[in-house]
Amino acid sequence: MMANRKRMVIGAALLACLAGEVAARQINLPSRAPIVGIDVPAAWKTSPTARGVEVRSPDEEVFFWLETYRPADEAAVRKEHVDYFAKQGVTPAGDPRVSRYEEGAMKVQATDLPATWQGKPTVLRYLAIDAGLPDGRMVLLSYWASPEGDRQHEAAFKAVLNSLGAPK
C-alpha cells in the first residue's frame, strides 16, 4: 500500500515537472493589431523588444527573437542583430548555409551561420518568413543557442515553430 502511494506521488511530481515544458502560452505580434502568433512553453521567459519579443529557455541556453518588420527595413533589422551578436562575442566561423522551403502558405528562408562564442561552437540561425500578409510585413526569427541547449530544447523549440501562425 505504501509503495503504491509513493509511486503515485513520484508520478504526480514527474507529471508536474513535464507539464512546465509542455504547457504553453500564446504570444501575438505586434501587440497592437497582431498579425502572427506563437505558443511559448510556460516556463520560458519572455521580454518585449522594439519589434516583437525575446524568448529564453529556463536555463538560458536558448534565446530567440521573433519580430515583425517591413521588407524595406530588413537590412537595418539584420544589422541590429549582427551588432548585438558582435557585442556578445559571437564570431562567424564559416560561410552561411541558406535553404528555402514552403510551409503551407508561408515561404521560409533559413540561414544557418557557423559561429563560435567564447572559443566554442554556438548555434546561430535566422528564419525569414513571408507569411503572405496583406500589408507585406515579414517575420524574422533569430535563434542563438549552445549546442547542448539546442539539443536539450529541440522538441520544445520545434513545437514553438510548429505553432507559428495567425494570432489566436
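Summary table below
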item: Proximal aspartates and glutamates relative to Lys120, as straight alpha-carbon distance under 15 Å, when same-chain residues fewer than 8 apart are discounted; result: Glu61, Glu148, Asp150
item: Local electrostatic count, Pro114, Cβ distance below 15 Å [Lys/Arg +1, Asp/Glu -1]; result: 0
item: For the chain, calculated [θ]222 nm from helices alone, where every DSSP H run of n ≥ 4 adds -39500 (n - 2.57); result: -10000 deg cm²/dmol
item: Evaluated at q = 0.09, 0.11, 0.12, 0.19 Å⁻¹: base-10 log I(q)/I(0), Debye formula over Cα of the chain; result: -0.35, -0.51, -0.59, -1.32
item: Residue-normalised accessible area of the chain, expressed per residue, 1.4 Å probe, Å²; result: 60
item: The stretch 79-168 - percent of accessible surface contributed by carbon and sulfur, probe 1.4 Å; result: 54
item: Links that overshoot a 29 Å alpha carbon limit, given the list Lys45/Lys168; Lys79/Lys107; Lys87/Lys107; Lys79/Lys168; result: Lys87/Lys107; Lys79/Lys168
item: Nearest-20 debye value, the chain charge dipole, Cβ charges on Lys, Arg, Asp, Glu; result: 500
item: Stokes-Einstein D (µm²/s) once Rh is taken as the Kirkwood radius of the stretch 38-86 over alpha-carbon pairs, at 25 °C in 0.890 mPa s; result: 206
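The values are calculated or read from the model by the stated rules, or taken from the named source; none is laboratory data. Because the structure is predicted, anything quoted here is derived from the model rather than measured. Every residue, glycine as well, gets a Cβ built from its backbone with ideal geometry; the counts of neighbours run over all protein chains shown. Surface areas here come from the heavy atoms of the whole protein model, side chains and all, with no ligands, DNA or RNA. Shrake-Rupley method; radii C 1.70, N 1.55, O 1.52, S 1.80 Å.
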